[in-house]
Every structure is written in C-alpha cells, then in structure tokens.
Amino acid sequence: CCIGRSLEGRPFVVDRFGMTGPILLVVAAIHGNERSAVTAAERLRARLLGGWAERRDVRVALVGSSNPDGIAAHTRENARGIDLNRNFPADNFQS
C-alpha cells in the first residue's frame with residue numbers, strides 16, 4: 001500500500017507479508033544510484049510472495065524504495081539533495 005509520496009510525487013510503497021509473529025522492517029534503496037539495492041528488494045519480495053514469512057511465522061514490512069526520486073534521477077541523494085543514509089539523528093553527531 002502507498003504510505004506517502006516523495007517530494008516529486010512518487011509513491012512510497014510498503015508491502016506486508018505474514019500474519020503473526022515478530023515484525024521485521026526492511027528498508028531498501030536509500031541511495032538512488034545503487035541499483036543493486038533495488039534488485040535485492042525485488043528478489044526478497046519474490047521470496048515473500050512465495051510464502052517465506054508465513055513459513056517462518058514472522059511479519060515483514062518491505063519498503064522496496066525509500067528514495068524513489070533518487071532512483072528516477074540515478075542520484076545518491078533525494079530530490080532535495082540530501083543523502084538520506086547520512087541524515088539519521090544520532091547522539092554522537094558532531095557538526
């Protein structure tokens with residue numbers, strides 16, 4: 001399902017698998033110029049569609065593309081020029 005939209009209007013999609021058990025959140029493709037992350041998410045999705053989560057009694061939320069604008073532009077950053085992988089809050093951050 002669509003959980004929001006990017007700055008340029010592209011959907012953020014989360015696919016959910018499994019009905020019981022602990023929840024595993026998988027976030028892929030933070031860097032738009034790293035196609036291998038998109039491929040890995042697609043391969044994982046195929047396994048999940050095949051019942052992997054149900055057989056292991058887990059719930060999986062898969063965000064296959066967390067930077068759809070960067071993927072479309074083939075850039076590491078998002079549409080605002082921010083490297084999302086370097087933009088997480090941290091107690092030890094020094095500016």
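The values are calculated or read from the model by the stated rules, or taken from the named source; none is laboratory data. Just so it is clear, the model here is predicted, and its values are computed rather than measured. Positions of Cβ are generated from backbone atoms using ideal geometry, with glycine treated the same way; all protein chains shown enter the neighbour counts. Surface areas here come from the heavy atoms of the whole protein model, side chains and all, with no ligands, DNA or RNA. Shrake-Rupley method; radii C 1.70, N 1.55, O 1.52, S 1.80 Å.
When the residues of the range 1-48 are narrowed to those that are of a type in the set (A, V, I, L, M) and out of contact with any strand residue (DSSP E or B) (no Cβ under 8 Å at 6 or more places or on another chain), which ends up nearest to R86 (Cα to Cα)? Steps first, answer last, please.
First pass over the range 1-48, keeping only residues of a type in the set (A, V, I, L, M): 3, 7, 13-14, 19, 23-30, 37-38, 40-41, 44, 46, 48.
If we keep only those that are out of contact with any strand residue (DSSP E or B) (no Cβ under 8 Å at 6 or more places or on another chain) too, we end up with 7, 29-30, 37-38, 40, 46.
Details: L7: 18, A29: 14, I30: 10, A37: 17, V38: 19, A40: 21, A46: 29 Å.
Ranking the candidates gives I30 first.
Restricting attention to the range 1-10, the residues that are loosely packed, with under 13 Cβ neighbours inside 10 Å, in contact with a Phe, Trp or Tyr (Cβ under 9 Å, 6 or more places away or on another chain) and either modelled with pLDDT of 95 or more or not aliphatic (A, V, I, L, M) (or both) total 3. When restricted to residues that are more than 13 Å from the chain's Cα centre (by Cα) and closer than 21 Å to N78 by Cβ, the range 7-37 contains 5.
So how many residues does the range 11-32 have that are part of a loop (DSSP other than H, G, I, E, B) and open to solvent by 80 Å² or more (accessible area, probe 1.4 Å)? Talk me through it step by step, then tell me what you get.
To start, the set of residues in the range 11-32 that are part of a loop (DSSP other than H, G, I, E, B) comprises 18-22, 28-32.
Still in the running and open to solvent by 80 Å² or more (accessible area, probe 1.4 Å): 19, 22.
Here the count works out to 2.
The number of residues in the range 33-49 being more than 14 Å from N67 (Cβ to Cβ), open to solvent by less than 80 Å² (accessible area, probe 1.4 Å) and free of Cβ contacts under 8 Å to residues at least 24 places away in the same chain comes to 4.
Please work out which residue is modelled with the highest pLDDT, limiting yourself to the range 50-95 and to residues that are out of contact with any Phe, Trp or Tyr (no Cβ under 8 Å at 6 or more places or on another chain), open to solvent by 70 Å² or more (accessible area, probe 1.4 Å) and in a helix (DSSP H, G or I). Across the range 50-95, the extreme among qualifying residues is R55.
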